[in-house]
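Worksheet for the structure shown next.
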Amino acid sequence: MENKGKYYLTTAIAYTSGKPHIGNSYEIVLADAIARYKRAAGYDVFFQTGTDEHGQKIELKAQEKGVSPQEFVDDVAGQIKDICNILNTSYDKFIRTTDEDHTKQVQKMFRRFYDQGDIYKGSYEGMYCTPCESFWTESQLVDGKCPDCGREVKPAKEEAYFFKMSKYADRLIEYINSHPDFIQPVARKNEMMNNFLL
């Protein structure tokens, strides 16, 4: 069969703040179907999934259970990986954001971007919902509460690093427009373009 080139596929990496749920299974099965189809069609597929193991919610959940955040995420990540394996998904790599290699690569990339002036320190503020780990403006709140979960929010300001997307926007827009299959489905392409580039 003719090799049609490389095809990279990733899922959103599952957040390890609690027990796995049907959404984790749903996404991995759909992605697996795409990976298998593309392999059968002659593509050299690299299919990655994994877990996101950082965040305030994880720290709070670990405290509630009386364990370290690492112990907490080790347990949940293990459950998520077990589900992927029970479902016989064909992922090539299961990444954990606490993996040593992942940490080193992120540090390397961060340093490079920072040294190039692509990352800068700033802050943002708003009404914060801890369970959703989301900032909201006053106008987005519903009866003074989180519009997603309906829980209380509190004013918060957070120092953070930001990526200077504007520096690359023109090149990214040109590339995305000249490679229509680069971001799929089209709805995600439109979301990326409208929310981050245009």
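Quick look at the numbers
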{"item": "Subset of segment 24-62 [of a type in the set (Gly, Ala, Ser), buried (at least 16 other Cβ atoms within 10 Å of the Cβ) and either farther than 19 Å from ASP99 by Cβ or without any contact (Cβ under 8 Å) to a residue 60 or more places away in the chain (or both)]", "result": "SER25, ALA31, ALA35, GLY50, ALA62"}
{"item": "Subset of segment 1-57 (residues that are farther than 30 Å from ALA160 by Cα and polar (S, T, N, Q))", "result": "ASN3, SER25"}
{"item": "Odd one out for ILE95 among (1) in contact (Cβ under 8 Å) with a residue 40 or more places away in the chain; (2) of a type in the set (A, V, I, L, M); (3) touching a Leu at 6+ places or on another chain (Cβ under 8 Å)", "result": "(3)"}
{"item": "Enumeration of residues in segment 137-146 that are over 21 Å from GLY18 (Cα atoms) and either surrounded by 13 or more Cβ atoms within 10 Å (Cβ to Cβ) or touching a residue at least 60 places away in the same chain (Cβ under 8 Å) (or both)", "result": "GLN140, LEU141, LYS145"}
{"item": "Given (1) modelled with pLDDT of 90 or more; (2) over 30 Å from GLY117 (Cβ atoms); (3) among the polar types (S, T, N, Q), number of the condition GLN184 does not satisfy", "result": "(1)"}
{"item": "Test result for ASN88, assigned by TED's automatic domain parsing to the domain that holds PRO20 and either at pLDDT 95 or above or closer than 30 Å to LEU9 by Cα (or both)", "result": "yes"}
{"item": "Single residue of segment 94-136 satisfying the filter (closer than 25 Å to THR49 by Cβ and assigned to a strand (DSSP E or B)) that is modelled with the lowest pLDDT", "result": "SER134"}
{"item": "Criterion: touching a Pro at 6+ places or on another chain (Cβ under 7 Å) and outside any strand (DSSP E or B) - qualifying residue of ILE83, ILE176", "result": "ILE83"}
{"item": "Residue count, segment 1-23 (criterion: surrounded by 14 or more Cβ atoms within 10 Å (Cβ to Cβ) and closer than 30 Å to LYS65 by Cα)", "result": "7"}
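Conditions tested, residue by residue: (1) assigned by TED's automatic domain parsing to the domain that holds LEU9; (2) of a type in the set (A, V, I, L, M); (3) over 21 Å from LEU60 (Cβ atoms); (4) surrounded by fewer than 14 Cβ atoms within 10 Å (Cβ to Cβ).
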residue: GLU125; (1), (2), (3), (4): no, no, no, yes
residue: PHE135; (1), (2), (3), (4): no, no, no, no
residue: VAL153; (1), (2), (3), (4): no, yes, no, no
residue: TYR161; (1), (2), (3), (4): no, no, yes, yes
residue: ILE176; (1), (2), (3), (4): no, yes, yes, no
residue: PRO180; (1), (2), (3), (4): no, no, yes, yes
residue: ARG188; (1), (2), (3), (4): no, no, yes, yes
residue: ASN194; (1), (2), (3), (4): no, no, yes, yes
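Here is a yes/no grid of residues against (1) buried (at least 16 other Cβ atoms within 10 Å of the Cβ); (2) of a type outside the set (Lys, Arg):
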| residue | (1), (2) |
| --- | --- |
| LYS81 | yes, no |
| SER90 | no, yes |
| HIS102 | no, yes |
| LYS108 | no, no |
| PHE113 | no, yes |
| GLY117 | no, yes |
| CYS149 | no, yes |
| GLU158 | no, yes |
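The values are calculated or read from the model by the stated rules, or taken from the named source; none is laboratory data. Please read all numbers here as calculations on a predicted model, not as lab measurements. Cβ sites come from the backbone with ideal geometry, for glycine too, and all protein chains shown count toward neighbours.
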